[in-house]
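Notes to accompany the following structure.
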Amino acid sequence: MKRRDTIKTLLIGGLGTGAMLTGCKQDGSDIDTNSVVPNIDANNLYGRTPEEAKVDAALHAQPSDFTKEELGVIAILCDIILPKSETAGSATDAGVPAFIDFMVKDIPDNKLPLKGGLMWLNTESNKRFSKIFSELTEAQRIEIIDDIAYPDDATAAMKPGVVFFNRMRDLTLSGYYTSKMGIEDLGYQGNRPNTWDGVPEDVLKQHGLVYEPEWIAKCVDNDKRNEIAVWDDDGNLLT
Amino acid sequence: MQIIEQPKVYDAIIVGSGAGGGMSAKVLADAGLNIAVVEAGPYFDPKDPVTQTQWKWPYDSPRRGSSSKRDFGEYDMAYGGWDIEGEPYTTTEGTEFKWFRSRMLGGRTNHWGRISLRFGPKDFKAKSIDGRGDDWPIGYEDVKPYYDKVDKLIGVFGSKERLPNDPDGFFLPPPKPRLHELVYIKAARKLGIPVIPSRLSILTKRINKDRGVCIYCQQCARSCSVYADFSSGSCLIFPAQKSRGQVDLFVNSMVRSVSTDKSGKATGVYYFNKEDRKEYQLRAKVVVLAASACGSARILLNSKSAQHPQGLGNSSGVVGKYLHDSTGSSNMAIIPELLDRRKDYNEDGVGGMHVYSPWWGDNKKLNFARGYHIEIWGGLGMPSYGFGFGMERMAKHLGHKAGGYGNVLRDDVKRMYGASIGFGGRGECIAREDNYCELDPEKVDEFGIPVLRFNYTFSDQELMQAKHMQQTFSELFDAMGAKALWPAPGKEGNYGLNKPGEIIHEVGTTRMGNDPNKSVTNKFQQLHDAKNVFIVDAGPFVSQADKNCTWTILALSWRASDYIVDQLKKQNI
């Protein structure tokens, strides 16, 4: 931006406050929007406003809503829900318990159902095996889980467990498939610059679908995407 | 508290920096005028790495994109939402309205769906066709030249279809459909529902040297760092700053009211500086309100004076009335044909659908007067918080017991990924005098400014339209062999109608008209009651068809701003 422009382009929070930020550097180079929020390493950011960054810092600083024992049971359940597979790590490998711990702070409505559910699970374990859940054998744990993991088959007495396990399943799947490991396991290929040129031919074929020539004739010719658009008076694209 | 006055008198003050304000700033600055743009939120540039969310992965944030802090997910680029701390609004008993605001340079254009539809000739004269609502004082022929100019300045992809009420424009070429969109095309045609390439303001092709070309990340809602989508800041405000005129940008500045003199003419605006919490006055020859339909109505109603006892521009009593949002109803389904699909390619595409269905029905044969279009979503999108929720309901579509755990569940998730499709109907709600916003007599916001109270109900027109949407969706699901994820909502669930305001197309609160007793502005969006005050947001809309309102806001703001330049030159204002 030219010097002349910098003079006329003021970024003002309110005149007369002494807090007048100019949108331009003194040397007349381009707008320096970073001057609004100083000295932050952009690489570690996820686009928070200063107010949001404060909220998140406070959430991180807040102690966990769970005891160490409760977090242990969450980890066990996470790995029952998503154990290691032949090609990918388990839910705990992907850091899901820490994610759940954070989401309980972020969405406090999660807290009571999860803490209550964990207690329900221990009560049920005690009823059946006179031990808390974490002390059960794997077979004993699965016996209980099988009674709460299939809502349509569950007995009335198991309903609180079903509701709890549904929530654990939701959070575990979400935590896992939004992690780097989970996204790779899922096979998502996007979030990188590219030039979309339609579904690959063999995928279309597999689904018995085709691109009709009339439709494709309307679509973008990516070889010409960098040529500046020019139209005739009737709106026909000439470039 | 003493109000701090500025000595400078601007040619124009523009209140708000969204679509309407941005366009007005561009046109007035291009004409060499000396203007102030006053925005309630902070400065924002989509390419600033500090605030940028484009290209972030869900795992870059501990909440993985959840909507706990921003209504459309934490990477969505709208600072604000339905509820803003310190800026409440109320509703009258038994009615509902949700008011979405975005406090930042560019306003809601930083996150919107970029669906850029022209109103058709019938849409300006709907009363003449079905007797409901009112005709506009202008017609398609008045707006067409401006739609043309907006197309060329900002860029919109689409295709020439020669449909009578969905006019063609100067289009960039559209992207090819995604896989689920091809399935949709097939099904819709079986039912005789037209499908055409969507019309979105995203650059599939270069339009100038200042803006980039789409890199197909599907993240327009995060505001594009290479300026390949239309956001008001990057496409209008920044270019305005580089043009002939002088643009002073006031951010974090909340306008309370318009000041007027003894003759009733506007002299400027009063605003609060959020940084020092002091009140200031800015002066200008012309005041242009672009604070959103309800925001501008609120400013007018708060601008009471001896000359304007009911609020500025409100001698007719019409300010705030005829508020209407688009109707919306939606449903989702699993397409068995797309289970176990190959995922080894990037299907992000542009930020939004590549195909859509414009309204096809003949309303004379239906029990509701106005149409809707169908928006389509689905595909191999980036997971974020909420992904994988509800598997206890979904797994039944895979032919085995719903619920479960372990590597069977892992396979279920992967099998279903990319196999769902969703439809959103977006329809025209008929403007009614008894749907309105007004000042709440008791409540103020944190700046002491009286807040809005909303009164909004649906009529049978909207309910019957939503019922038709749901019937259509069910037929479409059947035609593609898809299984609905939820039963179509019935009468008890209002046929799935979104709450008023939830579609975020609220318009109509300062309607234009030729009769000063029945309208707030004339056909150039100039107040009947104060010749140097203009409204360039969606307030002056008489109706809004089933077409998303932004492209028409832009065209009309350009038209009104041309008129302002002309009237200033002629010294009429």
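For region B:16-91, a Kirkwood hydrodynamic radius built from all Cα pairs, placed in the Stokes-Einstein relation at 20 °C and 1.002 mPa s, yields a translational diffusion coefficient of 141 µm²/s.
Charging the Cβ of each Asp and Glu at -1 and of each Lys and Arg at +1, and nothing else, the dipole of region A:68-186 about its Cα centre rounds to 420 debye.
Principal-axis analysis of the Cα atoms of chain B puts helix B:179-190 at an angle of about 90° to the longest axis. Projected onto their three principal axes, the Cα atoms of region A:68-186 cover extents of 40, 34, 30 Å, largest first. For the protein assembly as shown, a simple Cβ point-charge model (Lys and Arg +1, Asp and Glu -1, everything else neutral) yields a dipole of about 1540 debye relative to the Cα centre. Between the beta carbons of A:LEU112 and B:GLN571, assuming R0 = 60 Å, the FRET efficiency works out to 0.30 to the nearest 0.05. For the peptide B:396-407, the mean number of other protein chain Cβ atoms found within 10 angstrom of a residue's Cβ is 5. Ordering B:106-116, B:228-238 by mean Cβ neighbour count within 10 Å, with the highest value first, yields B:228-238, B:106-116. Of the Cα atoms belonging to region B:206-335, the radius of gyration and Dmax stand at 20.0, 67 Å. Normalised Debye scattering of region B:273-429 at q = 0.12, 0.16 Å⁻¹ gives log10 I(q)/I(0) of -0.81, -1.00, counting only Cα atoms as equal scatterers and leaving out solvent. Grab the other residues whose beta carbon is less than 10 angstrom from that of B:VAL520, score K and R as +1, D and E as -1, and report the net. Net charge in that neighbourhood comes out at +2.
Projecting the Cα atoms of A:MET119, A:GLY175, A:ALA157 onto the charge dipole of region A:68-186, computed from C-beta unit charges around the Cα centre, puts A:MET119 farthest toward the positive end. Counts of other chain beta carbons within 10 angstrom of each beta carbon in peptide B:271-281 average 3. Normalised by residue number, the volume inside the convex hull of the Cα atoms of the protein assembly as shown is 171 Å³ per residue.
Candidates B:GLN52, A:ALA139, A:PRO63 compared by Cα position along the dipole of the protein assembly as shown: farthest toward the positive end lies B:GLN52, with charges placed on Cβ. Restricting the calculation to Cα atoms, region B:101-169 yields a radius of gyration followed by a Dmax of 14.6, 40 Å.
For chain B, the longest principal axis of the Cα atoms and the long axis of helix B:550-569 meet at an angle of about 20 degrees.
Non-local lysine pairs in region A:68-186, meaning eight or more places apart or on different chains, with alpha-carbon distances under 20 Å, amount to 11. Counting only other chain Cβ atoms within 10 Å of each residue's Cβ, the peptide B:357-364 averages 0. Rounded to the nearest whole angstrom, the semi-axes of the ellipsoid equivalent to chain B, taken from the Cα gyration tensor as √(5λ), stand at 40, 26, 23, largest first. In a reduced charge model with +1 at each Lys and Arg Cβ and -1 at each Asp and Glu Cβ, chain B shows a dipole moment near 1180 debye about its Cα centre.
Where only DSSP H runs of four or more residues are counted, chain B gives -6000 deg cm²/dmol as its mean residue ellipticity at 222 nm, each run worth -39500 (n - 2.57). The order of the peptides B:480-493, B:49-62, B:145-158 by mean Cβ neighbours within 10 Å, most packed first, is B:145-158, B:49-62, B:480-493. Electrostatic tally near B:ILE215: other residues with Cβ closer than 14 Å to its Cβ, Lys and Arg +1, Asp and Glu -1, net +4.
For B:LEU452, nonlocal amide neighbours, meaning residues 5 or more places apart or on other chains whose placed amide H falls under 5 Å from its own, are B:THR90, B:ASP440. For chain B, the residue among B:ILE196, B:PRO137, B:HIS468 whose Cα projects farthest onto the positive side of the dipole built from Cβ charges is B:ILE196. Relative to the longest principal axis of the Cα atoms of chain B, helix B:140-154 runs at roughly 70 degrees.
Within the shell of other residues whose beta carbon sits under 9 angstrom from the beta carbon of B:GLY388, the net charge comes to 0, with Lys and Arg scored +1 and Asp and Glu -1.
FYI, it's all coordinate maths here, none of it is from the lab. Since we're looking at a predicted model, the values are computed, not measured. Heads up, the Cβs are rebuilt from the backbone with ideal geometry, glycines too, and the neighbour counts pull from every protein chain shown.
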